[in-house]
Amino acid sequence: MSAISQSTALPAEKLPAPLVFTLAAGAGLSVASIYYSQPMLDIISKQFNVGIGSVGMVPMLTQAGYALGILLLAPLGDRHDRRTIILIKGLMLVAALLLCGFSGGINALLIASFVTGLTATVAQDIVPASAALAPERSRGKTVGTVMTGLLVGILLSRVVSGVVAEYLGWRTMYMVAAVAVLLISLALWRVLPRFKPGTSVSYPRLLLSLAHLWQHHQTLRRAALAQGLLSVGFSAFWSTLALMLSERFHFDSAVAGAFGLAGAAGALAAPLAGSVADRIGPARVTQYGATLVMVSFALMFLLPLLPVPAQIGLIIISTIGFDLGVQATLVAHQTLVYSLAPEARSRLNALMFTVVFIGMAAGAALGSLALAHFGWTGVVALSTLAAALALMIRLASRHLKN
């Protein structure tokens, strides 16, 4: 039995702080599952005796699974009680993480990673749930707070996995992650209210309606494409950072993972971005955020001109800047999209995040290729170009509200 039996029993003015915290923790721990592998790639490649190209498929397939899971599974939140869906998918994610930890070879790990991506989409059931529960006047701030949990989960996952893999082994990381997801899934089942489905149409018709929503809402298309391009640069950077730091600076996985702290510092501004979006409009926030991402990536072109300590400092500064920009833009895009059709929030969220994680998967693949053929400058060029294209999309709408 949930602590609150009906969603209508929630306070009219604001959500209880413990509920918002649990939602944020659930989003963070769930989505973190698809990023634990990144600082561990060097260790995994050595254990399985495979090259950069093969081990680079681990994050790529995880994110591809996430994109497919969002497209096929997230729309169910409009058709069924989100509380039940969150529990079922959470338990499935636990099983997938255990499969990763027990993988006997690279092929088994690749399959388990894909399944992890599919089931980690429970995070994309939690975020629309927070939007559905929040009053309209503070929806941007509430979604921003939950997104902080999600984004800090993404970034601190690298810190945790880097340290755990270095001292306890990469398999232990997956076991710890499975326990954490199990506990938060049970906590969410306890505190969440039941949700009334927004539609009663069949699952095939639910999927077919995605095409109509995509065609009907220009705001959705613009938000998804812009955020997807920002995700290309974001993923290209984080998917290759550990390999670059190992090659150039001889840093181990623990140090590489610690760079996630810099990204987390930027992500903590997500609630502020939501509050600003509530005041000045989310469209303007997306333009400012995309500009910050582009400038932050472009600064890293200066790395060859600097001594080693200054290079490390510049990478940290750039990491804080582009993560802040990416997260602020994401929160603003979600605020825009969630306002379009309240009865279809899960489907709108699914469409936007499908494009976002297609961008993530493409960024991981293209980043690995860029690093292999053009070095770190190639990764920086790819990320800067992707951010510039996103900014162009947002500036094209500067005379519009969306």
### Task
Considering only 361, 386, 262, give the residue with the highest GNM mean-square fluctuation for the chain, with springs between Cα atoms whenever their separation is below 10 Å.
262
#### Entry: Between helix 218-249 and the chain: long-axis angle, C-alpha atoms, 0 to 90°, nearest 10
30
### Task
With runs of 4+ DSSP H residues as the only contributors, calculate the mean residue ellipticity of the chain at 222 nm using -39,500 (n - 2.57) per run, divided by the residue total and rounded to the nearest 500.
-26500 deg cm²/dmol
### Summary
The FRET efficiency for residue 107 and residue 272, from their Cβ-Cβ distance with R0 = 41 Å and rounded to 0.05, is 0.40
### residue 211 versus residue 199: modelled label distance in nm, points set 7 Å from Cα along the beta carbon direction
1.3
### Message
Which residues among segment 354-393 fall inside the zone where the amide N is under 15 Å from a point 7 Å beyond the Cα of residue 218, along Cα→Cβ?
### Response
393
### Query
How far, in degrees from 0 to 90, does helix 308-338 lean away from the longest principal axis of the Cα atoms of the chain, to the nearest 10?
20
### Summary
Scalar couplings 3J(HN,Hα) for segment 384-395 by Karplus 6.51 cos²θ - 1.76 cosθ + 1.60 (θ = phi - 60°), nearest whole Hz, x for Gly and Pro, are 5, 4, 4, 5, 5, 5, 4, 4, 4, 5, 6, 5
### Task
Any chance you could check the Cα centroid distance between segment 161-235 and segment 99-158 for me, in angstrom?
5
### Query
Please state the relative contact order of the chain as a whole percent: Cα pairs under 8 Å, 6+ residues apart?
27
### Summary
Counting only residues 5 or more apart in sequence or on a different chain, those whose built amide H sits under 5 Å from that of residue 194 are 6, 7
### Message
On C-alpha positions alone, give me the angle between the axis of helix 203-216 and the longest principal axis of the chain, in degrees, nearest 10.
### Response
80
### Query
Taking K and R as +1 and D and E as -1, what net charge do the other residues with C-beta under 15 Å from the C-beta of residue 229 add up to?
+3
### Task
Round to the nearest 0.05 the FRET efficiency obtained for residue 72 and residue 21 when R0 = 30 Å and r is the Cβ-Cβ distance.
0.50
### Query
About its Cα centre, how strong a charge dipole does the chain have in debye, to the nearest 20, once Lys and Arg get +1 and Asp and Glu get -1 at the Cβ?
1020
#### Entry: residue 190-residue 395 FRET efficiency (beta carbon distance; Förster radius 35 Å; 0.05 resolution)
0.15
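Quick note: the coordinates plus some simple rules give every number you see, no bench work behind them. What you are looking at is a predicted structure, and each value in this text was computed from that prediction instead of being measured. Counting neighbours? That spans all protein chains shown, and the Cβs are built from the backbone with ideal geometry, glycine included.
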